[in-house]
1. Please specify each residue of the range 304-335 satisfying the condition of being free of Cβ contacts under 8 Å to residues at least 40 places away in the same chain and of a type in the set (Gly, Ala, Ser).
2. Looking only at residues in the range 200-250 that are part of a loop (DSSP other than H, G, I, E, B) and out of contact with any Lys or Arg (no Cβ under 6 Å at 6 or more places or on another chain), which one is farthest from Val149 (Cα to Cα)?
3. In the range 64-81, which residues are part of a helix (DSSP H, G or I) and surrounded by fewer than 21 Cβ atoms within 10 Å (Cβ to Cβ)?
4. Could you tell me how many of the residues in the range 16-44 are over 12 Å from Pro287 (Cα atoms) and in contact with a Lys or Arg (Cβ under 8 Å, 6 or more places away or on another chain)?
5. Filter the range 84-134 down to residues that are within 19 Å of the chain's Cα centre (by Cα) and of a type in the set (Gly, Ala, Ser) and give me whichever is surrounded by the fewest Cβ atoms within 10 Å (Cβ to Cβ).
6. What single numbered condition from (1) at pLDDT 95 or above; (2) buried (at least 17 other Cβ atoms within 10 Å of the Cβ); (3) closer than 23 Å to Leu148 by Cα fails to hold for Leu193?
Amino acid sequence: MGHTVGSEPILVVRDLRKHFPIAGGPLGFRTVGHVKAVDGVSFEVSAGETLALVGESGCGKSTTGRMLLRLTEPSGGEIRFDGIDLLGLGRSEMRRRRREIQIVFQDPYASLSPRQRVEDIIAEPLDVNGLCENATARRDRVVELLRLVGLNDMHLRRYPFEFSGGQRQRVAIARALAPQPRLIVADEPVSALDVSIQSQVVNLMQDLQEQFGLAYVFISHDLAVVRHIAHRVAVMYLGRLVEVGDTETLFSRPHHPYTQALLSAAPVADPERRRTRIVLTGDVPSPANVPSGCHFHPRCPVAQGVCKETVPVLRDVGGGQMAACHFAKAFPIPV
């Protein structure tokens, strides 16, 4: 039976911020500014749902994902998981809560210890959380997890260097599944893999979601992958969300000028379909010196005076879409 997306959010993020201090002064001990990596992000994720965070490199996607598990401590804001304020938890309480929130990192070559065998890598969350009564139960659970991700017990005693990139990412997914989480943060999980392997891993993640009702926060810059896996998409630019909405609606009728430019640059498989390419001028500003008002206004083709002075907030622009733009207007894009 197919799993349906739950209506009640299990993850609620409000005004999440991460400002890294910039050291300066004669001895480098004085804070002279801040890098605003994430600057007031708010979103929700329901059980069984995949929310994709997309945007250019350096926009704050990965920092946001790491803050959800407090691997990076936020500067401010609120993260509620299943109604519990994660930022109010002590270290030991947060460690226990991580049993329900796991992460799959971008690089399977770096995220697995080269000194551990696959059995011990996958069993580590079981050991940390005391989930197996004895060695036999531990081994059986690891074999079960390997089979869930398309591997088998022949791989138990091998080291990560004996696997391909796709197999290593399967091991990483098995490790994330071990403590039976409800939410998995997937930080660019297929970007380091060959294109032929990417679809296999994405399909695996969808099958696991269907089977266990998992929720995903899927971080990616690959719009083709996002369109395939995500229920909703949140577009980030320079530490802020600029548009959030249902995947198909956002891809076909984006409202924010940045989303429109991002989608217009995506390749199209059918050469008969032509898109109007929107070329942005200038470079992405530094998060250490963000523009006033709307962060996007120096590159925006429709910017006006109010954009330089007033920060736009996410507002309903119809069709279930939210856009942070004073002049948001739907722009049909051939799909």
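1. If the condition is that a residue be free of Cβ contacts under 8 Å to residues at least 40 places away in the same chain and of a type in the set (Gly, Ala, Ser), then Gly305, Gly318 are the ones that fit.
2. For the range 200-250, the residue satisfying everything is Leu238.
3. Narrowing the range 64-81 to residues part of a helix (DSSP H, G or I): 64-68.
Scanning the range 64-81 gives a single hit, Arg66.
4. So the answer is 6.
5. Selected residue: Ala110.
6. (1)
The values are calculated or read from the model by the stated rules, or taken from the named source; none is laboratory data. As the structure is a computational prediction, the values presented were derived from the model and not from experiment. Ideal geometry is used to build each Cβ from the backbone, glycine not excepted, and the neighbour counts take in all protein chains shown.
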